[in-house]
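Structure first, then comments.
The values are calculated or read from the model by the stated rules, or taken from the named source; none is laboratory data. The structure presented is a predicted model; accordingly, all values stated were derived computationally and were not measured. Please note: Cβ atoms are built from the backbone with ideal geometry, for glycine as well, and neighbour counts cover all protein chains shown.
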Amino acid sequence: MALTIGPIHLGNGYALRPLRSGRSFARRRRVLLALPGAVLGGVAAIAQAQGLPGQATSTVVIWNFEDHTAAAATSVRHVEFLLRTLPDAVLETLLAEPGLVVVDRLRLQDILAEQKLGSSELSDEAARLRLGRIVGANYMVFGGFMVVGEQVQVDLRVVASATTEVVFADQFTAAFDGILAETQRIAGAAALALGGHPRAPADVLPDAVWPEYERALALSDAGRVQEAIEALTDLLNRHGDFAAAERQLVNLYAKLARR
């Protein structure tokens, strides 16, 4: 007999629904309810929350992307938008892989705070890889971008924490209005290098949905957590397959629970 699992009510009338990628709803239910507590336990606790018994998983940490844009070459607003959304375009893709435990930028901030580490102590890649080995991450995702007019060039690399081997690297350029969709496609190739599965074109979110998401993250960064929750809830009620938005909504509820 088939088991039907009811929706997960996170608040504000938002309930989780099955994603287009076909990931198990039962698995997502367990994972998402466990993550708020796991976040304070570091990468190992997150992996335990996200992994299935008997299933081999790799833990991937996504670092903030670096801005290499020349001063005054573009608007500050363009740069802020890309700083918030480019890592999460990668997150959106990697979350579709059941064999990957993904640590996003908000959860990474919590882990760094717990380890009492500041940005100055992690200013170079070697220091970040050392941290990855300490906290048990298998891979690190590093990225950077440069805006020239209405074009954006992005560098994306995936590095094995234990060996420092670069297991995937690509550099690509797209128009500002299409860079997030292109980043998701390239991240799909990175996922394949980590043992993932090919993604269909329909699994790439259009760039048009990202501005609302970025505004919600800006509210969160400004400390306006309740407003950010409301914005993400509204976005997810209209775009229920937006996995990164769903992840950040759970992060924000965890933040409220710790207050």
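Worth a mention:
- Residue that is surrounded by the most Cβ atoms within 10 Å (Cβ to Cβ), among those in segment 217-233 that are among the charged types (D, E, K, R) and more than 18 Å from Glu80 (Cα to Cα): Glu230
- Residues of segment 142-159 satisfying the condition of being part of a strand (DSSP E or B), over 11 Å from Trp63 (Cα atoms) and of a type outside the set (A, V, I, L, M): Phe145, Gln151, Gln153, Asp155
- Gly99 more than 18 Å from Phe172 (Cα to Cα) and at pLDDT 80 or above: yes
- Residue satisfying condition, being within 18 Å of the chain's Cα centre (by Cα) and either at pLDDT below 90 or under 25 Å from Ala245 (Cβ atoms) (or both), within set Arg133, Arg84: Arg84
- Restricting attention to segment 58-77, the residues being in a helix (DSSP H, G or I) and either hydrophobic (A, V, I, L, M, F, W, C) or buried (at least 16 other Cβ atoms within 10 Å of the Cβ) (or both) number 1.
- Some residue of segment 234-243 being part of a helix (DSSP H, G or I), within 20 Å of Leu82 (Cα to Cα) and in contact (Cβ under 8 Å) with a residue 60 or more places away in the chain: yes
- Yes/no for Val225 being in contact with a helix residue (DSSP H, G or I) (Cβ under 9 Å, 6 or more places away or on another chain) and farther than 17 Å from Glu92 by Cβ: yes
- Segment 153-185, subset hydroxyl-bearing (Ser, Thr, Tyr) and within 20 Å of the chain's Cα centre (by Cα), residue farthest from Asp88 (Cα to Cα): Ser161
- Against the list (1) closer than 17 Å to Ile62 by Cβ; (2) touching a residue at least 40 places away in the same chain (Cβ under 8 Å); (3) in a strand (DSSP E or B), the condition Gly188 fails is (3).
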